[in-house]
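Heads up, the thing below is written out as C-alpha coordinates.
The values are calculated or read from the model by the stated rules, or taken from the named source; none is laboratory data. This is a predicted model, so every value here is computed, not measured. Virtual Cβ from ideal backbone geometry, glycine too; neighbours counted across all protein chains shown.
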There are 2 protein chains.
Amino acid sequence: MTHPSIPPALATALAYHDAWTSQDLDRAMTYIARDISCYAPGAQISGAGQYRDFLGGFMTQLTAVETVAAFGDDTTAVLFYYPHTANTSDAPTAECFTVADGKITRSVLVFDRPSFAPPQR
Amino acid sequence: MTHPSIPPALATALAYHDAWTSQDLDRAMTYIARDISCYAPGAQISGAGQYRDFLGGFMTQLTAVETVAAFGDDTTAVLFYYPHTANTSDAPTAECFTVADGKITRSVLVFDRPSFAPPQR
(Lines give C-alpha, C1' and ligand atoms only; values in the text may rest on other atoms or scores of the structure.)
Protein backbone atom coordinates (compact mmCIF):
# COMPACT_ATOMS: atom_id res chain seq x y z
CA MET A 1 0.00 0.00 0.00
CA THR A 2 2.66 2.50 -1.05
CA HIS A 3 1.74 5.91 -2.35
CA PRO A 4 4.39 7.59 -4.49
CA SER A 5 3.38 11.13 -3.54
CA ILE A 6 3.86 10.64 0.22
CA PRO A 7 7.28 11.91 1.29
CA PRO A 8 9.47 9.25 2.92
CA ALA A 9 9.50 10.55 6.49
CA LEU A 10 5.73 11.01 6.46
CA ALA A 11 5.21 7.49 5.10
CA THR A 12 7.25 6.05 7.97
CA ALA A 13 5.49 8.19 10.57
CA LEU A 14 2.05 7.21 9.26
CA ALA A 15 2.94 3.51 9.17
CA TYR A 16 4.22 3.75 12.75
CA HIS A 17 1.11 5.69 13.81
CA ASP A 18 -1.21 3.15 12.22
CA ALA A 19 0.60 0.29 13.94
CA TRP A 20 0.57 1.59 17.50
CA THR A 21 -2.93 2.99 17.33
CA SER A 22 -4.02 -0.48 16.10
CA GLN A 23 -2.45 -1.94 19.27
CA ASP A 24 0.26 -3.68 17.26
CA LEU A 25 3.36 -2.96 19.36
CA ASP A 26 5.61 -5.36 17.45
CA ARG A 27 4.76 -3.75 14.12
CA ALA A 28 5.15 -0.26 15.58
CA MET A 29 8.63 -1.12 16.84
CA THR A 30 9.79 -2.09 13.32
CA TYR A 31 9.76 1.66 12.54
CA ILE A 32 11.81 2.63 15.61
CA ALA A 33 15.60 2.98 15.36
CA ARG A 34 17.59 1.04 17.95
CA ASP A 35 19.15 4.26 19.23
CA ILE A 36 15.99 6.40 19.21
CA SER A 37 15.87 9.51 21.37
CA CYS A 38 12.39 10.57 22.46
CA TYR A 39 11.49 13.70 24.37
CA ALA A 40 8.08 13.63 26.03
CA PRO A 41 6.58 15.85 28.75
CA GLY A 42 8.43 14.92 31.91
CA ALA A 43 10.29 12.02 30.28
CA GLN A 44 13.34 11.43 28.14
CA ILE A 45 13.55 8.01 26.52
CA SER A 46 16.77 6.57 25.07
CA GLY A 47 16.89 3.43 22.99
CA ALA A 48 14.33 1.06 21.58
CA GLY A 49 13.99 -0.97 24.79
CA GLN A 50 12.92 2.00 26.89
CA TYR A 51 10.77 3.24 24.03
CA ARG A 52 8.93 -0.05 23.81
CA ASP A 53 8.07 0.13 27.52
CA PHE A 54 6.95 3.74 27.19
CA LEU A 55 4.80 3.14 24.11
CA GLY A 56 3.37 -0.12 25.42
CA GLY A 57 2.28 1.66 28.60
CA PHE A 58 0.46 4.39 26.73
CA MET A 59 -1.13 1.96 24.27
CA THR A 60 -3.02 0.24 27.09
CA GLN A 61 -4.76 3.57 27.79
CA LEU A 62 -5.72 4.26 24.16
CA THR A 63 -9.31 3.53 23.20
CA ALA A 64 -9.37 5.32 19.83
CA VAL A 65 -7.58 8.03 17.91
CA GLU A 66 -8.64 10.94 15.71
CA THR A 67 -5.81 12.11 13.47
CA VAL A 68 -6.28 15.67 12.25
CA ALA A 69 -3.07 16.61 10.46
CA ALA A 70 -0.08 14.77 8.98
CA PHE A 71 2.72 16.43 7.07
CA GLY A 72 6.32 15.65 6.24
CA ASP A 73 9.25 15.73 3.86
CA ASP A 74 12.31 13.56 3.31
CA THR A 75 13.55 13.64 6.91
CA THR A 76 10.86 15.15 9.16
CA ALA A 77 7.20 14.44 9.80
CA VAL A 78 4.62 15.99 12.08
CA LEU A 79 1.37 14.39 13.25
CA PHE A 80 -1.43 16.09 15.13
CA TYR A 81 -4.08 13.87 16.72
CA TYR A 82 -6.52 13.39 19.55
CA PRO A 83 -5.86 10.23 21.52
CA HIS A 84 -9.02 8.98 23.18
CA THR A 85 -8.58 7.52 26.64
CA ALA A 86 -10.94 6.73 29.49
CA ASN A 87 -10.38 10.29 30.75
CA THR A 88 -10.38 12.46 27.66
CA SER A 89 -11.05 12.63 23.95
CA ASP A 90 -10.51 16.34 23.26
CA ALA A 91 -6.89 16.91 24.30
CA PRO A 92 -4.53 17.11 21.32
CA THR A 93 -1.12 15.54 20.97
CA ALA A 94 1.55 16.45 18.44
CA GLU A 95 4.61 14.49 17.44
CA CYS A 96 7.61 15.64 15.42
CA PHE A 97 9.63 12.75 13.99
CA THR A 98 13.10 12.63 12.50
CA VAL A 99 13.37 9.68 10.11
CA ALA A 100 16.39 8.06 8.44
CA ASP A 101 16.29 4.93 6.24
CA GLY A 102 12.69 4.17 7.20
CA LYS A 103 13.33 4.31 10.95
CA ILE A 104 12.37 6.96 13.48
CA THR A 105 15.59 8.15 15.09
CA ARG A 106 14.17 11.05 17.11
CA SER A 107 10.74 11.95 18.33
CA VAL A 108 9.48 15.00 20.16
CA LEU A 109 6.09 14.46 21.72
CA VAL A 110 3.94 17.24 23.09
CA PHE A 111 0.74 17.00 25.10
CA ASP A 112 -0.62 18.77 28.17
CA ARG A 113 -0.21 16.38 31.09
CA PRO A 114 -3.06 17.91 33.15
CA SER A 115 -5.49 17.35 30.27
CA PHE A 116 -4.80 13.61 30.38
CA ALA A 117 -4.87 13.26 34.16
CA PRO A 118 -7.71 11.33 35.81
CA PRO A 119 -10.54 13.57 36.98
CA GLN A 120 -10.09 15.02 40.47
CA ARG A 121 -12.07 13.11 43.06
CA MET B 1 8.48 38.45 0.13
CA THR B 2 6.20 35.82 -1.35
CA HIS B 3 7.43 32.37 -2.27
CA PRO B 4 5.38 30.57 -4.93
CA SER B 5 6.13 27.07 -3.60
CA ILE B 6 4.79 27.70 -0.10
CA PRO B 7 1.20 26.46 0.23
CA PRO B 8 -1.29 29.19 1.17
CA ALA B 9 -2.16 28.04 4.69
CA LEU B 10 1.50 27.62 5.56
CA ALA B 11 2.35 31.07 4.19
CA THR B 12 -0.30 32.63 6.43
CA ALA B 13 0.79 30.62 9.48
CA LEU B 14 4.44 31.57 8.96
CA ALA B 15 3.61 35.25 8.49
CA TYR B 16 1.54 35.17 11.68
CA HIS B 17 4.29 33.30 13.53
CA ASP B 18 6.93 35.77 12.41
CA ALA B 19 4.79 38.71 13.53
CA TRP B 20 3.97 37.58 17.05
CA THR B 21 7.42 36.19 17.75
CA SER B 22 8.78 39.59 16.66
CA GLN B 23 6.53 41.21 19.32
CA ASP B 24 4.36 42.84 16.64
CA LEU B 25 0.87 42.19 18.00
CA ASP B 26 -0.88 44.48 15.50
CA ARG B 27 0.71 42.72 12.54
CA ALA B 28 -0.01 39.30 14.03
CA MET B 29 -3.68 40.21 14.39
CA THR B 30 -3.97 41.01 10.66
CA TYR B 31 -3.80 37.24 10.08
CA ILE B 32 -6.51 36.39 12.64
CA ALA B 33 -10.14 36.00 11.53
CA ARG B 34 -12.67 38.04 13.48
CA ASP B 35 -14.51 34.88 14.51
CA ILE B 36 -11.44 32.76 15.33
CA SER B 37 -11.85 29.76 17.61
CA CYS B 38 -8.72 28.79 19.51
CA TYR B 39 -8.32 25.75 21.74
CA ALA B 40 -5.38 25.91 24.14
CA PRO B 41 -4.56 23.84 27.23
CA GLY B 42 -7.11 24.89 29.82
CA ALA B 43 -8.52 27.70 27.68
CA GLN B 44 -10.99 28.17 24.86
CA ILE B 45 -10.78 31.51 23.09
CA SER B 46 -13.55 32.87 20.85
CA GLY B 47 -13.19 35.90 18.64
CA ALA B 48 -10.35 38.22 17.77
CA GLY B 49 -10.76 40.40 20.86
CA GLN B 50 -10.23 37.52 23.30
CA TYR B 51 -7.48 36.18 21.09
CA ARG B 52 -5.61 39.46 21.15
CA ASP B 53 -5.65 39.46 24.96
CA PHE B 54 -4.49 35.84 25.07
CA LEU B 55 -1.68 36.30 22.57
CA GLY B 56 -0.58 39.63 24.01
CA GLY B 57 -0.28 37.99 27.43
CA PHE B 58 1.92 35.21 26.17
CA MET B 59 4.06 37.54 24.05
CA THR B 60 5.24 39.38 27.14
CA GLN B 61 6.77 36.10 28.39
CA LEU B 62 8.54 35.25 25.12
CA THR B 63 12.26 35.96 25.00
CA ALA B 64 13.09 34.00 21.80
CA VAL B 65 11.76 31.20 19.64
CA GLU B 66 13.32 28.21 17.89
CA THR B 67 11.07 26.92 15.11
CA VAL B 68 11.81 23.30 14.21
CA ALA B 69 9.09 22.26 11.76
CA ALA B 70 6.54 24.01 9.54
CA PHE B 71 4.25 22.25 7.10
CA GLY B 72 0.96 22.97 5.42
CA ASP B 73 -1.33 22.75 2.44
CA ASP B 74 -4.17 24.88 1.08
CA THR B 75 -6.21 24.95 4.30
CA THR B 76 -4.15 23.57 7.17
CA ALA B 77 -0.73 24.33 8.62
CA VAL B 78 1.24 22.91 11.51
CA LEU B 79 4.12 24.59 13.34
CA PHE B 80 6.41 22.99 15.89
CA TYR B 81 8.63 25.29 17.95
CA TYR B 82 10.36 25.91 21.26
CA PRO B 83 9.25 29.18 22.85
CA HIS B 84 11.94 30.51 25.15
CA THR B 85 10.71 32.14 28.35
CA ALA B 86 12.34 33.07 31.62
CA ASN B 87 11.49 29.57 32.89
CA THR B 88 12.17 27.25 29.97
CA SER B 89 13.71 26.92 26.54
CA ASP B 90 13.32 23.18 25.92
CA ALA B 91 9.56 22.64 26.12
CA PRO B 92 7.98 22.28 22.68
CA THR B 93 4.74 23.83 21.47
CA ALA B 94 2.73 22.78 18.43
CA GLU B 95 -0.01 24.67 16.64
CA CYS B 96 -2.45 23.41 14.04
CA PHE B 97 -4.06 26.22 12.05
CA THR B 98 -7.08 26.25 9.79
CA VAL B 99 -6.79 29.08 7.26
CA ALA B 100 -9.31 30.60 4.86
CA ASP B 101 -8.68 33.60 2.62
CA GLY B 102 -5.40 34.44 4.33
CA LYS B 103 -6.90 34.48 7.83
CA ILE B 104 -6.57 31.96 10.64
CA THR B 105 -10.10 30.82 11.51
CA ARG B 106 -9.21 28.05 13.93
CA SER B 107 -6.15 27.22 15.96
CA VAL B 108 -5.38 24.27 18.18
CA LEU B 109 -2.44 24.90 20.45
CA VAL B 110 -0.69 22.21 22.44
CA PHE B 111 1.96 22.55 25.11
CA ASP B 112 2.55 20.95 28.48
CA ARG B 113 1.48 23.47 31.11
CA PRO B 114 3.76 22.05 33.87
CA SER B 115 6.80 22.48 31.61
CA PHE B 116 6.12 26.22 31.37
CA ALA B 117 5.32 26.75 35.04
CA PRO B 118 7.69 28.77 37.21
CA PRO B 119 10.15 26.61 39.14
CA GLN B 120 8.90 25.34 42.49
CA ARG B 121 10.23 27.37 45.37
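Here's the yes/no breakdown for (1) out of contact with any strand residue (DSSP E or B) (no Cβ under 6 Å at 6 or more places or on another chain); (2) β-branched (Val, Ile, Thr):
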site: A:Leu55; (1), (2): yes, no
site: A:Met59; (1), (2): yes, no
site: A:Ala64; (1), (2): no, no
site: A:Cys96; (1), (2): no, no
site: A:Gly102; (1), (2): yes, no
site: A:Thr105; (1), (2): no, yes
site: A:Leu109; (1), (2): no, no
site: A:Arg113; (1), (2): yes, no
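Within segment A:33-73, take every residue that is more than 30 Å from B:Ala43 (Cβ to Cβ) and in a strand (DSSP E or B) and give me the one that is nearest to the other protein chains (Cβ to nearest Cβ). Outline the logic, then answer.
Just the residues of segment A:33-73 that are more than 30 Å from B:Ala43 (Cβ to Cβ), to begin with: A:33-37, A:46-53, A:56, A:73.
Going one step further and asking which of them are in a strand (DSSP E or B), we end up with A:33-37, A:46.
Working: A:Ala33: 19, A:Arg34: 23, A:Asp35: 20, A:Ile36: 17, A:Ser37: 13, A:Ser46: 16 Å.
The qualifying residue nearest to the other protein chains (Cβ to nearest Cβ) is A:Ser37.
For segment B:76-89, the condition of being loosely packed, with under 15 Cβ neighbours inside 10 Å and at pLDDT 95 or above holds for none of the residues.
Of the residues making up segment B:74-86, not a single one is without any contact (Cβ under 8 Å) to a residue 40 or more places away in the chain, within 19 Å of B:Gly42 (Cα to Cα) and within 10 Å of chain A (Cβ to nearest Cβ). Criterion applied to B:Asp26, B:Asp18, B:Asp101, B:Asp112 was being surrounded by 15 or more Cβ atoms within 10 Å (Cβ to Cβ) and free of Cβ contacts under 8 Å to residues at least 12 places away in the same chain, and the one residue passing it is B:Asp18.
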